[in-house]
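Novice: Input: one structure, supplied below.
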Amino acid sequence: MTRLRRGALIALTLVMMTLLLLPLGVIFTQAFARGWGAVLEALTDPEAVDAIRLTLMVAAVSVPLNAICGTAAAWCIGRFQFPGRALLMTLIELPFSVSPVISGLVWVLLFGANGWFGPWLDHHGIRVIFALPGLILATVFVTFPFVARSLIPLMREQGAGEEEAALTLGANGWQTFLRVTLPNIRWALLYGVLLCNARAMGEFGAVAVVSGHIRGQTLTMPLYVEALFNDYDWVGAFSVAALLSLLALVTLGLRFALERRMGSSRRDIV
Amino acid sequence: MSLELRDLRKKFGPTAALNGLSLSVPRGEFLALLGPSGSGKTTLLRVVAGLEFAESGAIEIDGRSMRDVPARKRGIGLVFQHYALFRHMTVARNVAFGLEVRPRRERPSAAAIRARANELLDLMGIGELAQRYPEQISGGQRQRVALARALAIEPSLLLLDEPFGALDAKVRKNLRIWLRDLHDRMGLTSIFVTHDQNEALEMADRVAVLQAGRIEQVDTPDRLYAEPVNAFVHEFLGESVRLDCVVADGVARFHNIPDVCLPTGCAAGPAIALLRPHEIGLLPGPGPAHVESVHAAGPMPRIRLALAGRIVEVLLPEGAALPMVGQSRGVDLSRARIYSAA
């Protein structure tokens, strides 16, 4: 019986490893099919450089924005009891339960040429859809839950005691946040930011809807991979894909380190 | 500094946490707030500290209204029940916090802050713990750190919420004496919350007994013990024997206990007679009390009597002649306090 169980476990592990590692292996072998030179060439192509720059820009705006809003939301939910708290929790998780395509589509419906605010925006010469603002909006929406979700359980567990102590000792709100709240949540916050960033750079569905696929202008890395793939540019597609995979691996490593740190010490060693 | 509270009211949903509470605490007093859980003790502390707000009523410190003064400007030291130490700071940084967050013009130099923190830790007898983190020290030590942190801002008023609640009995006893001594030496004005009547009676200059958001009685420990104003205070302050009686024509009489009548100023009608176990006397002759058991171990013999349909515990004075189990004896209830049952 135990032997059977052990066998089953080993088989399962092998299957999982194959399912996870094989695609990763394929990406790298395909990318390097024609050697380092081809990979470098593909990654330094002006369009590729534009895609990388755009992805970094989108992440650079949406990740800090979500870090701030997510912390504020987690603080409200974790520290206070108020009517509508459960509803707010559900709303924060909404982007996880909605298909990314819908998350993109809502912005088109709001700001697209035929959307609610489309004509007004058009009149004032502001482009949201098929432009950077649209990409940022879609990314912010999709990645909003990460920070809030990683903070809420921790903040609820910690309670408001230390913040109240800081207040009675004469600290103002800002000092309390910087000296007491933030240090207590920093690892969880970093963890949330890490996941948020990984998703912001890797998001495909929502971004695809609002992008308009204008080469060199609105193609983020995941979209650029698809475009190259459709052009039968295997080496190019897999080179950019390999770069994205590297990001995923780095995220995974950092995440592992952070989880160990958060688990091993509640006090948070500097 | 002196504290004046007038007619404070606050509700949590339908229940009143503070129900028209008034209290005045003169400078230098060590006052205990005593009451069962849910009586509003902690809420009162939090309202005074500015962490919660009363719906009506006034708080004055040295005659100055605290209505528009936020918690951080009240200069009140609050020691939380579970200490609420900053877990990511060393003990020394915890103590220095209140000085470090001061505006630049009022802030002492970094060296002065460090010196002050060390001085306070030495005063608390835990100078060697300065570089430890809160999770690396014991409960009693955390208590002292919390106190040092609150004292660092030189508070005009010190509030302590169940300061010994989380400590074991032995540490508790030592800290009591130490804290009372500290209060006197530093010339503080302190209010501490407790649900332990011995703690309150032993430490405080005056004790305020709370029930359901109101103060039932504020008095010195000896007067409170000797002259409780009502049955609640009597029963809350210590072991009590309760007997039902009826007041008519200025005397209380008991059912099933003939020949006992006690003069009282209580209004006519059903009433309650309350006595401490040591206040009941055993008369030599036969009478209405039936001796159920006798425990002579300990300084005062403890007798269980069946009296007026209930079992009553009596403490006899040391060296008193012991009754025999099964005897019927008369009882002296003359020290009973009579309270109207209405």
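The values are calculated or read from the model by the stated rules, or taken from the named source; none is laboratory data. All values reported here derive from a predicted model rather than from experimental measurement. Note that each Cβ is placed from the backbone with ideal geometry, even for glycine, and that neighbours are counted across all protein chains shown. Surface areas here come from the heavy atoms of the whole protein model, side chains and all, with no ligands, DNA or RNA. Shrake-Rupley method; radii C 1.70, N 1.55, O 1.52, S 1.80 Å.
Novice: From the list A:193, A:235, A:250, A:210, pick out the single residue that is part of a helix (DSSP H, G or I), free of Cβ contacts under 8 Å to residues at least 24 places away in the same chain and among the β-branched types (Val, Ile, Thr).
Specialist: One residue alone meets the criteria, A:250.
Novice: Pairs please, first residue from segment B:288-300 and within 25 Å of residue B:254 (Cβ to Cβ) and among the acidic types (Asp, Glu), second anywhere and open to solvent by 80 Å² or more (accessible area, probe 1.4 Å) and assigned to a strand (DSSP E or B), Cβ atoms under 6 Å, 6+ apart in sequence or on different chains.
Specialist: Close Cβ pairs satisfying both conditions: B:292/B:304.
Novice: Oh, and also: Can you tell me which residues in segment B:160-208 are aliphatic (A, V, I, L, M) and more than 15 Å from residue B:34 (Cβ to Cβ)?
Specialist: Correct list: B:166, B:167, B:169, B:171, B:175, B:177, B:179, B:182, B:186, B:188.
Novice: Moving to a separate point now. What pairs come out if I take residues in segment B:256-268 that are without any contact (Cβ under 8 Å) to a residue 40 or more places away in the chain and pair them with residues that are basic (Lys, Arg) whose C-beta lies under 6 Å away, six or more apart or interchain?
Specialist: B:261/B:253
Novice: Restricting to segment B:312-333, name every residue that is in a strand (DSSP E or B) and within 29 Å of the chain's Cα centre (by Cα).
Specialist: B:312, B:313, B:314, B:315
Novice: Next up: Restricting attention to segment B:52-85, and to residues there that are within 14 Å of chain A (Cβ to nearest Cβ), touching a strand residue (DSSP E or B) at 6+ places or on another chain (Cβ under 8 Å) and not in a strand (DSSP E or B), which single residue is surrounded by the most Cβ atoms within 10 Å (Cβ to Cβ)?
Specialist: Per the stated criteria, the residue is B:80.
Novice: Looking at (1) within 28 Å of residue B:73 (Cα to Cα); (2) away from chain A (no Cβ under 14 Å); (3) over 30 Å from the mean Cα position of the chain (by Cα), which one does residue B:129 not meet, given that it meets all the others?
Specialist: Looking at each condition in turn, residue B:129 falls short on (1).
Novice: What single numbered condition from (1) open to solvent by 40 Å² or more (accessible area, probe 1.4 Å); (2) of a type outside the set (A, V, I, L, M, F, W, C); (3) in a strand (DSSP E or B); (4) in contact (Cβ under 8 Å) with a residue 24 or more places away in the chain fails to hold for residue B:304?
Specialist: Answer for residue B:304: the failing condition is (4).
Novice: Quick check, is residue B:224 buried (at least 20 other Cβ atoms within 10 Å of the Cβ) and not assigned by TED's automatic domain parsing to the domain that holds residue B:20?
Specialist: Spelling it out, it is not the case that residue B:224 is buried (at least 20 other Cβ atoms within 10 Å of the Cβ) and not assigned by TED's automatic domain parsing to the domain that holds residue B:20.
Novice: Could you say whether any residue in segment A:24-47 is surrounded by 10 or more Cβ atoms within 10 Å (Cβ to Cβ), under 24 Å from the mean Cα position of the chain (by Cα) and closer than 25 Å to residue A:146 by Cα?
Specialist: Looking through segment A:24-47, at least one residue is surrounded by 10 or more Cβ atoms within 10 Å (Cβ to Cβ), under 24 Å from the mean Cα position of the chain (by Cα) and closer than 25 Å to residue A:146 by Cα.
Novice: Which one of these does residue B:92 not meet: (1) open to solvent by 50 Å² or more (accessible area, probe 1.4 Å); (2) out of contact with any Asp or Glu (no Cβ under 8 Å at 6 or more places or on another chain)?
Specialist: With (1) open to solvent by 50 Å² or more (accessible area, probe 1.4 Å); (2) out of contact with any Asp or Glu (no Cβ under 8 Å at 6 or more places or on another chain) applied to residue B:92, the lone miss is (1).
Novice: Which of the following residues is in a helix (DSSP H, G or I), closer than 30 Å to residue B:149 by Cα and more than 10 Å from chain B (Cβ to nearest Cβ): A:181, A:176?
Specialist: After ruling out the rest, the residue left standing is A:181.
Novice: Would you confirm whether or not segment B:108-120 contains a residue that is closer than 24 Å to residue B:178 by Cα, touching a helix residue (DSSP H, G or I) at 6+ places or on another chain (Cβ under 6 Å), crowded, with 18+ Cβ neighbours inside 10 Å and in contact (Cβ under 8 Å) with a residue 12 or more places away in the chain?
Specialist: Within segment B:108-120, one or more residues are closer than 24 Å to residue B:178 by Cα, touching a helix residue (DSSP H, G or I) at 6+ places or on another chain (Cβ under 6 Å), crowded, with 18+ Cβ neighbours inside 10 Å and in contact (Cβ under 8 Å) with a residue 12 or more places away in the chain.
Novice: Residue by residue through segment A:185-202, note down the ones that are open to solvent by less than 10 Å² (accessible area, probe 1.4 Å) and of a type outside the set (A, V, I, L, M, F, W, C).
Specialist: The one that is open to solvent by less than 10 Å² (accessible area, probe 1.4 Å) and of a type outside the set (A, V, I, L, M, F, W, C): A:192.
Novice: Let me ask something else about it. Can you tell me which residue among A:249, A:219, A:254 is of a type in the set (A, V, I, L, M) and either within 27 Å of residue A:75 (Cα to Cα) or within 14 Å of chain B (Cβ to nearest Cβ) (or both)?
Specialist: A:254
Novice: Whether any residue in segment A:134-154 is within 14 Å of chain B (Cβ to nearest Cβ) and either open to solvent by 50 Å² or more (accessible area, probe 1.4 Å) or part of a helix (DSSP H, G or I) (or both) is what I want to check.
Specialist: Yes, segment A:134-154 has at least one match.
Novice: Listed residues B:274, B:243, B:210; which is in the same structural domain as residue B:21 (by TED's automatic domain parsing), open to solvent by less than 20 Å² (accessible area, probe 1.4 Å) and not in a helix (DSSP H, G or I)?
Specialist: That would be B:210, the only listed residue that is in the same structural domain as residue B:21 (by TED's automatic domain parsing), open to solvent by less than 20 Å² (accessible area, probe 1.4 Å) and not in a helix (DSSP H, G or I).
Novice: Any chance segment A:115-123 includes a residue that's crowded, with 20+ Cβ neighbours inside 10 Å and either out of contact with any Asp or Glu (no Cβ under 6 Å at 6 or more places or on another chain) or under 30 Å from residue A:250 (Cβ atoms) (or both)?
Specialist: No, the conditions are met nowhere in segment A:115-123.
Novice: May I pose another question? Please tell me if residue A:266 is open to solvent by 50 Å² or more (accessible area, probe 1.4 Å), closer than 28 Å to residue B:134 by Cβ and at pLDDT 90 or above.
Specialist: So residue A:266 fails the test.
Novice: Continuing with this model, one more query. Taking the stated definitions as given, is residue B:187 open to solvent by 40 Å² or more (accessible area, probe 1.4 Å), away from chain A (no Cβ under 14 Å) and more than 18 Å from residue B:32 (Cβ to Cβ)?
Specialist: Taking the combined requirement at face value, the residue satisfies it.
Novice: Criterion first (open to solvent by 10 Å² or more (accessible area, probe 1.4 Å) and within 15 Å of residue B:49 (Cβ to Cβ)) does residue B:154 satisfy it?
Specialist: Criteria not met by residue B:154.
Novice: A further question follows. For residue B:48, indicate whether it is in contact (Cβ under 8 Å) with a residue 60 or more places away in the chain and either part of a strand (DSSP E or B) or more than 28 Å from residue B:130 (Cβ to Cβ) (or both).
Specialist: yes
Novice: Of (1) more than 8 Å from every other protein chain (Cβ to nearest Cβ); (2) touching a helix residue (DSSP H, G or I) at 6+ places or on another chain (Cβ under 8 Å); (3) part of a helix (DSSP H, G or I), residue B:97 satisfies all except one. Which?
Specialist: Only one criterion in (1) more than 8 Å from every other protein chain (Cβ to nearest Cβ); (2) touching a helix residue (DSSP H, G or I) at 6+ places or on another chain (Cβ under 8 Å); (3) part of a helix (DSSP H, G or I) is unmet by residue B:97, namely (1).
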